[in-house]
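Working notes for the structure below.
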Amino acid sequence: RVIWTSVLSHSFGLVFFPILSPLPPVAASITDFETSAKKLGKPAGEDLARGIMTLPTILVLQKDFAEREWLINAIKQRFPGGRAEVNRAIEIIKEQNGLEAAHEYSLQYVAEAKKCIALLPEHPVQKTLLAGADYIIERSF
């Protein structure tokens, strides 16, 4: 029981709940790039602008591409060129499929969480947790 609850909380935590995981939640890191400032309550890419390395950025920086060094330096220097540089970094991360790769990670973690939930005795809580797992993947702002 301890093992599957640990796996469940880890998988859910990585995808959505910052309380359950020390890492930035995958869903929130994707949202930071995809959602409009009006809906998000902060400019898109604000985490990136503040130097917070989220999964889409980490996955992109593992690749070899023409603007990689520029992106690394811009992040290290916290975008000295201002919002225009942040916006360019967002474009690069999107062009390099960072959001899609991060979404794939979230799908894997939710699938792992759902396997753990399936081990629970049949109960309304089990159904709620399964619905919550589906909501995490379908969620949009």
* To do: Indicate the gyration tensor shape class of the range 39-88 (rounded, prolate or oblate), computed on the Cα atoms with a ≥ b ≥ c the square roots of the eigenvalues: a/c under 1.5 is rounded; otherwise a/b larger than b/c is prolate and the rest oblate.
  => oblate
* Structure fact -> Low-density loop GluC sites (Glu not before Pro), the range 102-141, at most 10 other Cβ within 10 Å, DSSP non-H/G/I/E/B, are E122
* **Pairwise label distance in nanometres, F65 with I137, each label 7 Å out on the Cα-Cβ vector** => 2.5 nm
* To do: Could you check the simple spin-label distance between L130 and K39, using points 7 Å along Cα→Cβ, in nm with one decimal?
  => 2.8 nm
* Take the solvent-accessible surface of the protein heavy atoms, probe 1.4 Å, and return the percent of it on the range 97-138 that carbon and sulfur atoms account for. => 59 percent
* Structure fact -> In nm, the gap between the two label points placed 7 Å beyond Cα toward Cβ at R78 and H123 is 4.7 nm
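The values are calculated or read from the model by the stated rules, or taken from the named source; none is laboratory data. Quantities reported herein were computed from a predicted structural model and do not represent experimental measurements. Cβ coordinates were reconstructed from backbone atoms using ideal geometry, including for glycine residues, and neighbour counts include every protein chain displayed. Surface accessibility is based on the protein's heavy atoms, side chains included, excluding ligands, DNA and RNA. Shrake-Rupley method; radii C 1.70, N 1.55, O 1.52, S 1.80 Å.
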